[in-house]
Every structure is written in structure tokens, then in C-alpha cells.
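Report on one structure; see the data block that follows.
The values are calculated or read from the model by the stated rules, or taken from the named source; none is laboratory data. Fair warning: this is a prediction, and the values are worked out from it, not measured in the lab. Cβ: placed from backbone, ideal geometry, glycine included. Neighbour counts: every protein chain shown.
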Amino acid sequence: MSNAAAPEVSTSKVPDIEVAADALYDLDERLIFNLGIISNIEQGNRLREQDAVLMVDERSLQSLQRWWTQDNRQKSSDQLFKIATETSDRVTELIARAVARSPVRSYDINLTLGKYLKALANSNVGLFNYSATYKDKMTQGKLTMIRQKIEDTIEELSTHIYQSKKSLKSEPDGAYIRSANRVLSVKKSS
């Protein structure tokens, strides 16, 4: 008998897939979290970013800290625009994936889209409060663009939800419910 070692099977692809899935999940969590921060902005609040997460600046000696770290309204409004753009792009990507799948297989995606819809709708309040903090034309112009991008994304989500519900109604009686129950029972048992 030969003592030759069996060739190793490469499993390098599996971690890459897991990392990619984790990164997308983290992206959704980060974007939804940032939208939640935006929705809680009150008049007079100033924003800063740390590790790709938006936060209300509540540091002591705020003016000095903001000067030292170069946090300003320009940087904050740029970050708000980036969040709105990334959210819009991600929602468009998720809708495309959901449309490409059957209603049952797009269940998880639609749950995530529902979280985005709620977070986007709530973010408008914070954006209006933020616009009351800064009255200069440049910031107001950017905030108008951000609000429009959010409204467009909400409209895209609403259209997707309406079309999803419409397609569910056209399926044979109870077929979707039976399929969804099968998928859910499999998930619970695993």
C-alpha cells in the first residue's frame, strides 16, 4: 500500500462566499442603521462619521473637536448624500434579485426591503430637522437632492411591493401560502 498523501481539496471558495454574504449583510445593517440615525436628527444637531457609521456629534468641546477632526456641514452633507446613494443602489439591486426569483424564494429579500422602506420613510423627519440647522444655500441644495433621492427610492420600493402583491394574487389559490409554509418549516428545522 502506498503512503502517498491524498491530494488536498481546495476549499478556498467557501470562505469567499461566506465573506461576501457577511459583507452584504453588514452593508444592509450599516445602511439601515445610518438611516435610523438620520431619522433621529433633531434641530441643532451636528453630524460626524466614524468607521462608516453616522452619528450625532455629542463630544465635549464640540466646536474644537469638529475643527480638529475637520467635521463640518460640507462633510456631513456629503456623507448623507453617500448614504442616500448607497441605499438607492442597494435597494435597486435587491429588487432586481427579488424579481428574478419566485415569490417564495424572494421572501428574505422582501423582508430586507421592508426594513429599508420603513427606515427611508422615517429618515425624512431627520432630514427636515437637519435642514433647519443649516440655512446656507449649498447645504440646502444638497439636502433637497438627498430628500429627492430618498423619495425616488421609496417610490421604487412601493412600486415593487405593489407589483409583488399583484403577482401573488395571480397565483393559483393558496399555492403561495403552501410554498411559503414549506420554506418556513424547513428554515425552522435547520
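Observations, loosely collected:
- Filter result for Tyr134 (in contact with a Ser or Thr (Cβ under 9 Å, 6 or more places away or on another chain) and hydroxyl-bearing (Ser, Thr, Tyr)): yes
- Region 56-80: number of residues that are in contact with a strand residue (DSSP E or B) (Cβ under 6 Å, 6 or more places away or on another chain) and either modelled with pLDDT under 70 or exposed (fewer than 14 other Cβ atoms within 10 Å of the Cβ) (or both): 2
- Filtering Ser123, Ser131 for residues that are touching a residue at least 40 places away in the same chain (Cβ under 8 Å) and either part of a helix (DSSP H, G or I) or at positive phi (or both) leaves a single hit, Ser123.
- All positions within region 134-153 that are assigned to a helix (DSSP H, G or I) and either charged (D, E, K, R) or surrounded by fewer than 17 Cβ atoms within 10 Å (Cβ to Cβ) (or both): Lys137, Met138, Gln140, Gly141, Lys142, Thr144, Met145, Arg147, Gln148, Lys149, Glu151, Asp152
- Checklist (1) at pLDDT 90 or above; (2) touching a strand residue (DSSP E or B) at 6+ places or on another chain (Cβ under 9 Å); (3) of a type in the set (S, T, N, Q) applied to Ser88, failing item: (2)
- Region 168-182 - residue that is surrounded by 13 or more Cβ atoms within 10 Å (Cβ to Cβ) and assigned to a helix (DSSP H, G or I) and, of those, modelled with the highest pLDDT: Leu168
- Check on Asn110, polar (S, T, N, Q), surrounded by 15 or more Cβ atoms within 10 Å (Cβ to Cβ) and modelled with pLDDT under 90: yes
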